[in-house]
Structures are given as C-alpha cells and as structure tokens.
Amino acid sequence: MTSIDEATAFRRASESFVERARHIGHDQWAGPTPCVDWNVRMLVNHVAGEYLWVPEMMAGRTIADVGDRLDGDVLGDDPLETLINARGAAIAAIDGPGALESLVHLSFGDLPAGEYVKQMAVDSVIHSWDLAHGIEADEALDPELVDLSYAEMQASAEAWRVAGVFGPETAPSEDSTLARLLALTGR
C-alpha cells in the first residue's frame, strides 16, 4: 500500500492528465476514447468539470447550492486553458487551511474531504490512461498513483459498476497493476 497523501496524489494525478491534454492535436478532439460514450473533448470536459466541482465541494456547498451551472460543456473556446485553470482552482481549494479535515456534501451523502480528494485523484489517474489511449500518447502512469488507484478500486469498483460508471470487468492484458486496474474498471 502506498503512503502518498490525498493532496499530493491529486496534484500528481491531475498534472498527469493536464500533461496528456497538452498533446491533443487539433484533429483529435473528436476522436474516440475507451469511454465509449465520450470522445476526447467530452472526456476532457468531464475531467475539467470534476476539477471545477472541487472548490465548490471544499467550500461546503451542496449539489443544490451549485445547481446546474457546471453542467454541459465547461470547456468553451479554449479547452486546454479551461482545464489548466480548473485544475489550479481545485489545487488552491485543496491546499486551503484545514480543507482536508472538512466534510463534502456529495450526491450520495457526506464524505470526509480527504476521501473525496482521493476519489478525484483516482478519477484523474484512470482518465489519464483513457486520454493517452485515445490520442495514442504514452500510456505509462505513475506507479505509486496506479497502486493507490488499484487499492481504492478493489474496494469500490463494483459499486461504481452498479451505478453505471464502469463497464463489466475484463481480463487483464498482462500481469501488472496497471493492467489489473484497467480490467477492474472495464477497460
């Protein structure tokens, strides 16, 4: 098991996603990803949207407080800049005094902020691979973040699968933690 703290995990995982996004070619935004319902732009929009939610949740707001203002396309005309700014705001919120000791109010109930930030890190790790695969970039991921993500997903993948977030578990393509993580999340 890894000893990486939640804030560091989020910083590194989100930077990994942003670095891959920097390599999206102009002709790749409409290309497919392993997330069958999302093209590259939709995947980046999802992740940027998740990052935009972080300051709201860390400030103690509820889903109802935020309403629908983060629904739909949050990327606008400069998707990469929007993603970078959303990541920066998320990190600032996580780094706030006592931020990780608070509770966040999610759609399924209250959760310690540290656990929420860890979930956001895992989301970035998995979607970094999705994006890399979609744009045919380097799919190698930070081994420590992969270990963290796999440990988290072993405990919760089935619940996410039932909720429709992941497809059926697949057979790992090789004997590695990354391959087991991808298989567990239906990739």
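Which order do you get for 130, 68 if you rank them by accessible area with a 1.4 Å probe, largest at the top?
Working: 130 0, 68 110 Å².
Largest accessible area first, the residues go 68, 130.
With a Förster radius of 25 Å applied to the beta-carbon distance between residue 19 and residue 110, the computed FRET efficiency rounds to 0.15.
Under Stokes-Einstein, with the Kirkwood radius over Cα pairs as Rh, the value for the range 49-99 at 4 °C and 1.567 mPa s is 113 µm²/s.
What does the convex hull of the Cα atoms come to per residue for the range 109-153, in Å³? Write down the numbers at each step before the final one.
Numbers: hull volume 3.3 nm³, N = 45.
Hull volume over Cα atoms, normalised by residue count, gives 74 Å³.
Solvent-accessible surface of the chain, averaged per residue with a 1.4 angstrom probe and all protein chains in place: 49 square angstrom.
Given a cut-off of under 8 Å on Cα pairs at least six residues apart, what relative contact order in percent is computed for the range 117-187?
Numbers: 68 pairs, mean separation 19.4, N = 71.
Rounded, it is 27 percent for the range 117-187.
Computed over the chain, the quotient of the alpha carbon radius of gyration and 2.2 N^0.38 Å is 0.98.
Summing +1 for each Lys or Arg and -1 for each Asp or Glu, what net charge is found among the other residues whose Cβ lies under 10 Å from the Cβ of residue 119?
On the way: positive: 118; negative: 6, 50, 115, 123, 152.
Its environment carries a net charge of -4.
With r defined as the distance between the Cβ atoms of residue 139 and residue 81 and R0 fixed at 22 Å, what FRET efficiency is calculated, to the nearest 0.05?
After rounding, the FRET efficiency stands at 0.30.
Rolling a 1.4 angstrom probe over the range 44-142 with all protein chains present gives an accessible area of which 50% lies on carbon and sulfur atoms. Amide H to amide H distances under 5 Å link residue 104 with 111, 113, where only residues 5 or more positions off or on other chains count and H is placed in the peptide plane.
The values are calculated or read from the model by the stated rules, or taken from the named source; none is laboratory data. Bear in mind the structure is a predicted one, so any value in this text is a computation, not a measurement. Positions of Cβ are backbone-derived with ideal geometry, glycine not excepted, and every protein chain shown enters the neighbour counts. In case anyone asks, the SASA skips ligands and DNA or RNA and just uses the protein heavy atoms, side chains included. Shrake-Rupley method; radii C 1.70, N 1.55, O 1.52, S 1.80 Å.
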